[in-house]
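Asks: My questions all concern the structure below.
The values are calculated or read from the model by the stated rules, or taken from the named source; none is laboratory data. All of these numbers come straight from a predicted model, not from anything done at the bench. Cβ sites come from the backbone with ideal geometry, for glycine too, and all protein chains shown count toward neighbours. Surface areas here come from the heavy atoms of the whole protein model, side chains and all, with no ligands, DNA or RNA. Shrake-Rupley method; radii C 1.70, N 1.55, O 1.52, S 1.80 Å.
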Amino acid sequence: TWVAAWLFLREKFTLRSFSGSLICLGGVLLALSRGRAEFTGNLAPGMGDLWILLSLLCWVSYGLISTWLVRCLNPVFVTAFMCILAAFMLLPMALGEGLGRAVWLTEWEPWAVLVVQGVFSTTIASLWYCEGLERLGAGKAALFMNLLPLGTVFMAAVFLSEPVVMFQVIGAAMVCLGVWVAGCNRKQDPLKRAFHA
């Protein structure tokens, strides 16, 4: 995303940005692999990998388009537009999967889950993301997305009682360090100020 933002939106992409991105990537890989070398051997490409790659390309496009839009439009308007557009794009597929029957047969609990997801996981999260894009730019905002897999790992530990190993803790620390390295402005760098003081 940062490279694409540098190419198409003229955002800054410095050695510091690149270094922070690499540290983040290393932290995510370390946390997901749990330090097992055989993890990389199991990464044989398949259809699932293709779908993930396509979803990543869509996410990069979403970040770039949203950044371009929030430069001239209100983030609330951009979020509303994206949600309505997504609803229209997904409606034919949902109808094909039996949405019409499910509407009348479903109990209240799935509807409650949909409302919570629609309000918090989709609308509020998208609005905050658009505001982050407006203030930080696509590259720096996308860097924070490296925190998602770590959040998933630690929430799985809390809610599903999955074990957390030391490599995942080290990976989380690497991601936080990478975000700080890439996102911290050199003029506002507290360590640099302390060193020179």
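Asks: For the range 125-168, which residues satisfy the criterion of being aromatic (F, W, Y) and closer than 17 Å to G27 by Cβ?
Replies: Initial filter on the range 125-168 (aromatic (F, W, Y)): 128-129, 144, 154, 159, 167.
Scanning the range 125-168 gives F144, F154, F167.
Asks: Looking at the range 126-142 only, could you name the residues that are crowded, with 22+ Cβ neighbours inside 10 Å, more than 12 Å from R71 (Cα to Cα) and aliphatic (A, V, I, L, M)?
Replies: Correct list: A141, A142.
Asks: Name the pairs whose Cβ atoms lie under 7 Å apart, with the first residue in the range 62-87 and on the phi < 0 side of the Ramachandran plot, the second exposed (fewer than 14 other Cβ atoms within 10 Å of the Cβ), and 6 or more positions between them or separate chains?
Replies: Taking only residues 6 or more apart or on different chains, the pairs are L64/F8.
Asks: Pick from the range 90-125 the residues that are more than 21 Å from the chain's Cα centre (by Cα) and closer than 30 Å to W68 by Cα: which of them is most open to solvent (accessible area, probe 1.4 Å)?
Replies: Ranking the candidates gives M93 first.
Asks: Then there is this: Among the hydrophobic types (A, V, I, L, M, F, W, C), within 14 Å of A138 (Cβ to Cβ), at pLDDT 85 or above and open to solvent by 90 Å² or more (accessible area, probe 1.4 Å): is that true of W59 in this structure?
Replies: no
Asks: Restricted to the range 151-179, and to residues that are of a type in the set (A, V, I, L, M) and under 30 Å from R71 (Cα atoms), which residue is modelled with the highest pLDDT?
Replies: L177
Asks: Of everything in the range 18-56 that's outside any helix (DSSP H, G or I) and open to solvent by 80 Å² or more (accessible area, probe 1.4 Å), which residue is modelled with the highest pLDDT?
Replies: Checking each candidate, the answer is R36.
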